[in-house]
Amino acid sequence: MKKITTLFLVFYSFLSFAQCPLNLLADDLSKTNKEFKEFVNESSGFRAWQILEKEGPTLRTDITELSLVSKNLDAIEKVGGYTKWKGLQKVRDWKSIQKIPTKYPNEPLPSDGELWGIAEIENGLIKTITNKGNTFIDVDFVVTTKGELKIGKRHQFLGNAGDVEAAGTIKVTNGKLKKISNASGHYFPSIDESSKFPEIFKELGIDTKGASLEIIYLDDLGTKKTITKFID
């Protein structure tokens, strides 16, 4: 307990500079078990708690996640934070679900293509993309074969004219996914391919519950049809 007392004193001394939520730590200590108390008693455990309190508050008392963070403090600092580090881990651990080729592999990349950003996910929500926010209405996206959700303009550009896991448009409100569509002229995902989009988005860590899935397809006569359903 001496270490915890010392940590509290250090924590308090820097409170005015770092805006550290001392009351949250006190609350966590009062509500958690002995394992948590012993964990934050160590400097690496305390630092892990600080990181999760800031970037993953719902996980700040999760011993498994705290342990993972405490073992990777240098790596997390090197890449610029916990959220970015977790994103890199997901890319490394990504298991491909499908590959959709572009219908125009020899077509030059469009000159007006734009990559707004590679989405970062936190607590099921899409975090703010610099200068673009996290509210989008039918914005272009692709999910790469590395498990990156790229948001911007022009599917051929976003997918670099290569294979992707998913392509279309999304509607997002304050980070919450509201709609996925397979609307992409260059990739034009089939019904079967588009039906796997919810699984792919869930694999990315995105909360898809209640969002709609719009599947555009051509019938036997070449007439454009649309199927819309809600994701469970």
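The values are calculated or read from the model by the stated rules, or taken from the named source; none is laboratory data. All of these numbers come straight from a predicted model, not from anything done at the bench. Backbone-built Cβ (ideal geometry, glycine too); neighbour counts: all protein chains shown.
At a glance:
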| item | result |
| --- | --- |
| Test result for Thr169, polar (S, T, N, Q), closer than 27 Å to Glu53 by Cα and outside the structural domain of Arg60 (by TED's automatic domain parsing) | no |
| Filter result (of a type in the set (Gly, Ala, Ser) and either under 16 Å from Asp62 (Cβ atoms) or at pLDDT below 85 (or both)) within segment 31-50 | Ser44, Gly45, Ala48 |
| Hey, Thr83 over 18 Å from Ala166 (Cα atoms) and within 14 Å of the chain's Cα centre (by Cα) or not | yes |
| Verdict on Pro189 being in contact (Cβ under 8 Å) with a residue 12 or more places away in the chain, crowded, with 19+ Cβ neighbours inside 10 Å and either assigned to a loop (DSSP other than H, G, I, E, B) or more than 15 Å from the chain's Cα centre (by Cα) (or both) | yes |
| Criterion violated by Glu148 - all others in (1) surrounded by fewer than 18 Cβ atoms within 10 Å (Cβ to Cβ); (2) closer than 25 Å to Leu109 by Cβ; (3) modelled with pLDDT under 95 satisfied | (1) |
| Checklist (1) out of contact with any Gly (no Cβ under 8 Å at 6 or more places or on another chain); (2) modelled with pLDDT of 95 or more applied to Lys153, failing item | (1) |
| Count - residues of segment 180-225 that are in contact with an Asp or Glu (Cβ under 6 Å, 6 or more places away or on another chain) and over 20 Å from Pro101 (Cβ atoms) | 1 |
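This table checks each residue for (1) within 22 Å of the chain's Cα centre (by Cα); (2) more than 25 Å from Asn106 (Cα to Cα); (3) outside any loop (DSSP other than H, G, I, E, B).
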site: Ala166; (1), (2), (3): yes, no, yes
site: Lys202; (1), (2), (3): yes, yes, yes
site: Gly205; (1), (2), (3): yes, yes, no
site: Thr208; (1), (2), (3): yes, yes, no
